[in-house]
Amino acid sequence: MPETVFEVDVDAPPDEQPDPIVNRWHPDIPAAATVEPGEKFRVECLDWTGNQVENSDNANDIRDMRLDPNHHLTGPIEIAGAQPGDVLVVDVLDLGPFPDNEWGFTGIFELDNGGGFLTDHFPDAAKAIWEFDGVHTHSRHIEGVHFPGCVHPGIIGTCPSHELLAEWNERERELIEKGPESPEGVNHETGDDQPPLALPPEPNEVMLGAMDDDRVEEAAKEAARTIPPRENAGNCDIKNLGRGSRVYLPVFVEGAKLIVGDLHFSQGDGEITFCGAIEMAGWLDLKVDVIEDGMEKLKTDHAIFKPGYQDPDFSSYVVFEGYSVDEDGTQHYKNANVGMRRACLDAIDYLTNFGYTREQAYVILSTVPVESRIAGIVDLPNTCVTVSIPNEVFEFDIDPDKLWDGPDTADRSDVAKPT
Ligand code: ZN
C-alpha cells in the first residue's frame, strides 16, 4: 500500500483534522506533504461539505448547509523539483470510499442557499442517501435504481501563481459587476431570485492549510473559491476521471502544490443538482511525474485529461433532446445552457412515468452515469444538446415502448425533505 501523506477523520470537524484542510486556491498555502516524482502515495479526503451531511432521512442538513467553507480539500502536495512552466502528470491509480464509511449523499440546494441548475423548478432542499455495495450503489430514497458508479475526484488541480489568481479575481469581479443584463446572454435567466453570477473571494470560514494566522487574514481577501473550474483544472467534475486516468496539469508555482478532493461515487454529466454527484469521503492513490517545460512542449496552459478505461459499460440509452428555446417558448440564440435545461426537464417529466417524483428524477439525472453531449452547434438558431439516460441503471425497463399502455404507477419511495 502506498504511504498515506494526508489523513482525514470523518468523525471530527474540519478544523480538528489530523492534517489541515484547505478550501481556497492561493499560491502561498504551505505544502502539507512533499513527494518525489515517480513516487506513489495515498491521500485521504473529506466529503466536499466537511462532514456537514448525515446519513439520515431528513434534509435539514442540506437546507442549513454552511456554504462558505466548501469545498473541504486535501493538500497542497508539493512535488519536489516542479517549476512554473512544467506540466505535472498525475496518475489516478485507485480510489474509493473508506471501508467503514460506505455511503454517500446527493443534495438539492434551496434557491436561497446554493441553488442548482434547475433551481427555479426545484426551489426546496432535498436529499438522497446512497449505500455502496462494492462497485454498485442504491438509495433507499430512490427505489428501483441500482448501478455501478464511476468513482472519480470532482476536484484536482495545481495552485495558481499570484498573477493568475489576480486574473481570476479580476475577470470574475467584472462579470459580477456587469450584472444580469450582460449582452453576452450568459446571464439571461439570473436576477434577484437566482444564485449570484460568480463567487468572489469570501474571507468567512477560510481554511488555508498550515498558513500562519497573521498571514491568513490578508490571503483570505484574495484566495479564490473552489467552485468553478479554471486553468488549473480545479472543480472539473469529469465523471470519467476514475481509476487508470492520467491528468496533465500546468504548474504555476514552485512545487506545483497539488490539491484534490470532492470525491464522487458517481455523477451524471453536468452534475446538475449542484450538490449533484454521489458525494463521499474516501481515499485516493496517486503517482506523479513532471514534464520539464511541459507547458511549452505540450503547447498548453490548461489541463489535459486522459480518462481511464474502467467505467461501467452501458449499451442501451433513452435520449432526450433540448435546443435553444426555453420553457416559456422564448427563442434564444445558439444557447447550449437553455438546450441542456430543456433536455433535462423533458427527461425529468419522462421519468415520472415510472413512479418517480420530480425531485427523484432530478437526482437520478445528476447521479447515474448520464451522457450529455452537444449534438449540434452550427444549426442556427438552435444549439442541440442531448441527455442520454442508461436504461441498465434501473431494475426495470424505461424503454418508451413500455409506456404504450400508459404509465407505471409503482411506489418508488421519495427523497428526504426538511422536517
Ligand atoms: Zn462534488
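Quick notes
- From the options TRP25, TRP48, residue that is more than 15 Å from the ligand (Cβ to nearest atom), out of contact with any Phe, Trp or Tyr (no Cβ under 6 Å at 6 or more places or on another chain) and not basic (Lys, Arg): TRP25
- Complete set of residues in the range 179-233 that are among the small types (Gly, Ala, Ser) and either modelled with pLDDT of 95 or more or buried (at least 18 other Cβ atoms within 10 Å of the Cβ) (or both): GLY209, ALA210, ALA219, ALA220, ALA223, ALA224, ALA233
- Any hit, the range 90-102, residues being touching a His at 6+ places or on another chain (Cβ under 9 Å) and touching a residue at least 24 places away in the same chain (Cβ under 8 Å): yes
- Among the residues listed as GLU271, GLU254, GLU279, the single one being within 11 Å of the ligand (Cβ to nearest atom) and open to solvent by 10 Å² or more (accessible area, probe 1.4 Å): GLU271
- Pairs with Cβ under 8 Å, 6+ apart, first in the range 35-56 and assigned by TED's automatic domain parsing to the domain that holds VAL90 and open to solvent by less than 20 Å² (accessible area, probe 1.4 Å), second assigned to a loop (DSSP other than H, G, I, E, B) and of a type in the set (Asp, Glu): VAL53/ASP47
- Strands (runs of 3 or more DSSP E) completely within the range 55-112 that count 2 or more residues being in contact with an Asp or Glu (Cβ under 6 Å, 6 or more places away or on another chain): 87-97, 103-108
- Filtered residues of the range 257-268 (kept if near the ligand (Cβ under 8 Å from one of its atoms) and of a type outside the set (S, T, N, Q)): ASP262, LEU263, HIS264
- Filtering the range 200-250 to residues that are more than 16 Å from the ligand (Cβ to nearest atom) and among the aliphatic types (A, V, I, L, M) leaves VAL206, MET207, LEU208, ALA210, MET211, VAL216, ALA219, ALA220, ALA223, ALA224, VAL247, LEU249.
- The set of residues in the range 331-379 being open to solvent by 10 Å² or more (accessible area, probe 1.4 Å), among the β-branched types (Val, Ile, Thr) and more than 21 Å from GLY115 (Cβ to Cβ) consists of THR352, ILE374, ILE377, VAL378.
- Subset of the range 239-251 [basic (Lys, Arg) and open to solvent by 10 Å² or more (accessible area, probe 1.4 Å)]: ARG243, ARG246
- For the range 1-34, the set of residues classified as under 22 Å from the mean Cα position of the chain (by Cα), of a type outside the set (S, T, N, Q), crowded, with 20+ Cβ neighbours inside 10 Å and in a loop (DSSP other than H, G, I, E, B) consists of VAL8, ILE21, ARG24, HIS26, listed by residue number.
- Matching residues in the range 302-326 - criterion: being among the acidic types (Asp, Glu) and loosely packed, with under 14 Cβ neighbours inside 10 Å: ASP313
- The set of residues from the range 282-294 being more than 16 Å from the ligand (Cβ to nearest atom) and small (Gly, Ala, Ser) comprises just one member, GLY294.
The values are calculated or read from the model by the stated rules, or taken from the named source; none is laboratory data. If you're wondering where the values come from, they're calculated on a predicted model, not measured in any experiment. For neighbour counting, all protein chains shown are included, and Cβ atoms are generated from backbone atoms with ideal geometry for every residue, glycine included. Quick note on the areas: whole protein, heavy atoms, side chains included, nothing else; ligands and nucleic acids left out. Shrake-Rupley method; radii C 1.70, N 1.55, O 1.52, S 1.80 Å.
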